[in-house]
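Engineer: First the structure, then my questions, so here it is.
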Amino acid sequence: MRAEAEKLVEAARAGAEQLEKDKAAFEKQKQTAEWAATVQLKQELANAKAANVALGNEKAAAEAAAAKALQAKDEALKALEEAKAAGARASKALEEAVEKESRASKALEEANAERIRLGKVVESLQAEVQARAVAVTDLTARVSDAEKRADAAVEAKDVLVSSFNQLEADREWLRTHGIAHCRGYNECP
């Protein structure tokens, strides 16, 4: 769109320049013709008719050039209007682009805020996980200690059961041998 507008502006400028050139050429040609006619009238009055015919031809050419210049001016004005319309379209497109950029910027800000919030949530979760890991480590150590104590208790129980069983066996042996009421080594037969 911008290139189209630049082409139209360039065409308008070229038309305006051509119009100025044609006007300058016309003025120069007119001055030259009038000066030549004046000199010619002073020098040769007899050639006045020929000069008038030449001036008439030049006038027709100048009118044709002026008509072309007016046509070029009209084309330049039309190109200028088209360039203005293209400029308005470009301005509207620019406004839309700025609005889109603004929306994208706002979305980016919101995304950054969400990222920061999620970062804080992640940090909080990491702290909680770390605290739980410490708690799990502590619990594991306590469970390990409890397992060791339980193993020791099982061993002590086994020893006690074994001792109790031995005592029961000894008592049974003592009963079968009639030593059930001994209170010590010295009292037993």
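The values are calculated or read from the model by the stated rules, or taken from the named source; none is laboratory data. Everything numeric in this text was worked out from a predicted model, so none of it was measured. Glycine also receives a Cβ, built like all others from the backbone with ideal geometry; neighbour counts cover every protein chain displayed.
Engineer: Of the residues E81, E110, only one is within 30 Å of E20 (Cα to Cα), at pLDDT below 95 and part of a helix (DSSP H, G or I); which? First the steps, then the outcome.
Structural biologist: Numbers: E110 fails: within 30 Å of E20 (Cα to Cα).
Only one candidate passes the filter, namely E81.
Engineer: Select, from V122, V154, V134, the only residue that is β-branched (V, I, T), surrounded by 10 or more Cβ atoms within 10 Å (Cβ to Cβ) and within 38 Å of the chain's Cα centre (by Cα). Even if it seems obvious, please write down each step before you answer.
Structural biologist: Details: V154 fails: within 38 Å of the chain's Cα centre (by Cα); V134 fails: within 38 Å of the chain's Cα centre (by Cα).
Residue meeting the stated conditions: V122.
Engineer: Within 30 Å of Q18 (Cα to Cα) and part of a helix (DSSP H, G or I): is that true of D138 in this structure?
Structural biologist: Details: within 30 Å of Q18 (Cα to Cα): no; part of a helix (DSSP H, G or I): yes.
Answer is no for this residue.
Engineer: Using the structure shown, decide if A36 is more than 30 Å from E10 (Cα to Cα), modelled with pLDDT of 80 or more and assigned to a helix (DSSP H, G or I).
Structural biologist: Working: more than 30 Å from E10 (Cα to Cα): yes; modelled with pLDDT of 80 or more: no; assigned to a helix (DSSP H, G or I): yes.
Spelling it out, it is not the case that A36 is more than 30 Å from E10 (Cα to Cα), modelled with pLDDT of 80 or more and assigned to a helix (DSSP H, G or I).
Engineer: Let me ask something additional. Are there any pairs with C-beta distances below 9 angstrom linking a residue in region 1-16 that is farther than 19 Å from A67 by Cβ and assigned to a loop (DSSP other than H, G, I, E, B) to a residue that is of a type outside the set (V, I, T) and modelled with pLDDT of 85 or more, with the two at least 6 apart or on different chains, and if so which?
Structural biologist: Correct list of pairs: M1/A86; M1/R89; M1/A90; M1/A93.
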